[in-house]
Amino acid sequence: MSKTYNVYCDESCHLIHDGINDMVIGAIWCDQQQVKKVNCDIRDIKGKNGIAPGAELKWTKVAPVKKGVYEELIHYFFDSPWLHFRCIVIPEKDNLDHGRFCHTHDDWYYKMYFDMLKGVFSSTDIYEIYIDIKDTHSSQKVKKLEEVCRNSIYDFTGESIKRIQPIRSDEVQLMQLVDVLIGAVMYQNRRFPEEHKKSDTKLKLIEQIKKRSGYGLTKTTLLREDKFNIFVWRASVLPGFEGYRIYI
């Protein structure tokens, strides 16, 4: 019997020439029957830690005074069997030579988004996908991503991917959890200037994720890992191969 899952997607440092070496695209997927409970639980975690239910939790907002709420949020993810995370890490994004292969950064971006999502999809289940609204181009992004995903899995009638819809992260608790996990992976993989002082609070949260997941956050996990799955994408060019070759 098929299940319906909600998939909440976000990205970090996806723009080129932003001075940051890596980018991360990731998602949390959850049995649709558990979504209401999870969102309520996250609101309760905020309340217990003196955070207003409507306040947005984000990796960029991590601070010593709010450490407790982020710690509890991370434990909640790992203690909840219906929550699953997958992300794709792209190192040295500014060094990719898109022009050589006759496609744009945007074309490549959608391929990476699908490479992240294909590790989530099962041929027997149904998915409703939600992406964080970043800018005025979100509707165009949704249309293109929907086309790429459905064509790639031959879902031309929309039987498997029911919808792809932009939403506001500050209005959906689960989307905020995605932001925190992606932010942690990004922070662990990011190359900082020598003079940069890293946040002790963020480093402690990362150590907590490492301990709970059993992974160092910088290497590809096994494909069958369905709790905390990481895929580190790298590009190499082979003679006679007109495109990027993905390898682990």
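The values are calculated or read from the model by the stated rules, or taken from the named source; none is laboratory data. These numbers come from a predicted model, not from an experiment. Calculation scope for accessible area: heavy atoms of the full protein, side chains included, ligands and nucleic acids excluded. Shrake-Rupley method; radii C 1.70, N 1.55, O 1.52, S 1.80 Å.
Which order do Lys48, Lys66 take by accessible area at a 1.4 Å probe, largest first? It would help to have the intermediate numbers written out before the result.
Numbers: Lys48 150, Lys66 75 Å².
Solvent-accessible surface, decreasing: Lys48, Lys66.
From the phi angles alone, apply the Karplus equation (6.51, -1.76, 1.60; θ = phi - 60°) to the range 145-150 and give each ³J(HN,Hα) in whole Hz, x where the residue is Gly or Pro.
Couplings: 5, 4, 5, 5, 5, 5 Hz.
Might you tell me the accessible area per residue for the range 1-93, computed with a 1.4 Å probe and given in Å²?
For the range 1-93, the solvent-accessible area averages 43 Å² per residue.
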